[in-house]
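See structure below.
The values are calculated or read from the model by the stated rules, or taken from the named source; none is laboratory data. What you see is a predicted model, and the numbers here were worked out from it, not measured in a lab. With ideal geometry, Cβ positions are generated from the backbone for all residues, glycine too; neighbour counts draw on all protein chains shown.
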Amino acid sequence: MMARRQGIAPDCATLWDDQKHARHYWNTIQQLGGSYVHKTLSGITFAPNFRVLDIGAGPGTLAIPLSKSVSQVTAVEPSPGMMTVLEENISHEKISNITCFQRRWEEVDVDSELNAPFDAVIAAFSLGMPDIRGAVEKMIRVCKGCVYLYWFTGVPTWTAHYTALWPYLHGTHYQPSPKSQVLIGALRQMGIDPAVEFIPITFPIRFRSFDDAIEEVSPEFYVRTDSQRETLARFLEGILVHEGDSLVLSHFYMAIKACWNTKAFS
């Protein structure tokens, strides 16, 4: 196992290993109604005969609604927890046109495992690949239509929380992940000038109790000891808000959608 880099949160694939944590995320998406999915997919037209590749599909946030309006969805998701919830959701809704691969995108053999090309490729908030250029080149290779990439810009609420708390938990400064300017710069170096749209997103996360909040948030802060748990608890006491029977952790972030037609840049 590779040594974990200091000063960064667990990567997405590791963060969502736990099925309970993945289900809580799916429940949060459901509580938002259709607004989150609508904001993400707004302005995109999918034809009924489209075949769509969803990279970093999570519990089916986009794959499940997309499956109702396109011919076929291929969902690539590395986390075992998320994949379990995705397959549960597919079974529950009796969906027959989603094909799942539990892989990191870097590990997928596009020649032997994927039935390319796809009419659209989507990677929504799943761009934590170490070689982003290689990952994008691989997306282009399997796409005959448009590629849609979503990533963060500015300082999301959770980044501010990590930055404030990380030194007290781990004795080192937090290192934020590269944001949208790095992604756009990489695309332009590849000769791609994507259309860019900014999307403001409010993402409240609800917990049934304070203990539930600590349990759900601990993996994100890489909390492992009782002392770290106490530090996190004091921090959460200051930012959680009571709403009815729930405690709410409010998140806000500005996202970008960068998209282009692969035919225009081939």
Tell me the strands (runs of 3 or more DSSP E) entirely within the range 185-250 that contain at least 1 residues that are under 19 Å from HIS24 (Cα atoms) and of a type in the set (Asp, Glu). 241-243
Has the range 249-265 got at least one residue that is β-branched (Val, Ile, Thr), more than 30 Å from SER42 (Cα to Cα) and touching a strand residue (DSSP E or B) at 6+ places or on another chain (Cβ under 8 Å)? no
More than 14 Å from the chain's Cα centre (by Cα) and small (Gly, Ala, Ser): does that describe ALA123? no
Output the number of residues of the range 38-88 satisfying the condition of being more than 19 Å from VAL147 (Cβ to Cβ), in contact (Cβ under 8 Å) with a residue 60 or more places away in the chain and crowded, with 24+ Cβ neighbours inside 10 Å. 4
Among SER67, SER96, which is the only one that is under 19 Å from ASN49 (Cα atoms), touching a strand residue (DSSP E or B) at 6+ places or on another chain (Cβ under 8 Å), at pLDDT 95 or above and small (Gly, Ala, Ser)? SER67
May I ask you to list the residues in the range 129-155 that are surrounded by 18 or more Cβ atoms within 10 Å (Cβ to Cβ), in contact with a Pro (Cβ under 9 Å, 6 or more places away or on another chain) and in a loop (DSSP other than H, G, I, E, B)? VAL142
Of all residues in the range 224-256, how many are more than 16 Å from TYR162 (Cα to Cα), of a type in the set (A, V, I, L, M), free of Cβ contacts under 8 Å to residues at least 60 places away in the same chain and crowded, with 16+ Cβ neighbours inside 10 Å? 2
Which residue pairs have Cβ atoms under 7 Å apart, sit 6 or more places apart or on different chains, and have a first residue in the range 101-126 that is part of a helix (DSSP H, G or I) and a second that is small (Gly, Ala, Ser)? TRP105/ALA135; GLU106/ALA135
Test set (1) surrounded by fewer than 16 Cβ atoms within 10 Å (Cβ to Cβ); (2) at pLDDT below 95 - SER180 fails condition number: (1)
Of the residues PHE101, PHE118, which single one is touching a Cys at 6+ places or on another chain (Cβ under 6 Å), farther than 19 Å from GLN189 by Cβ and at pLDDT 95 or above? PHE118
Of all residues in the range 107-121 being of a type in the set (D, E, K, R) and farther than 14 Å from ASP54 by Cα, which is surrounded by the most Cβ atoms within 10 Å (Cβ to Cβ)? GLU113
Residue, surrounded by the fewest Cβ atoms within 10 Å (Cβ to Cβ), within the range 14-37, restricted to residues that are over 15 Å from the mean Cα position of the chain (by Cα) and within 13 Å of THR84 (Cα to Cα): LYS20
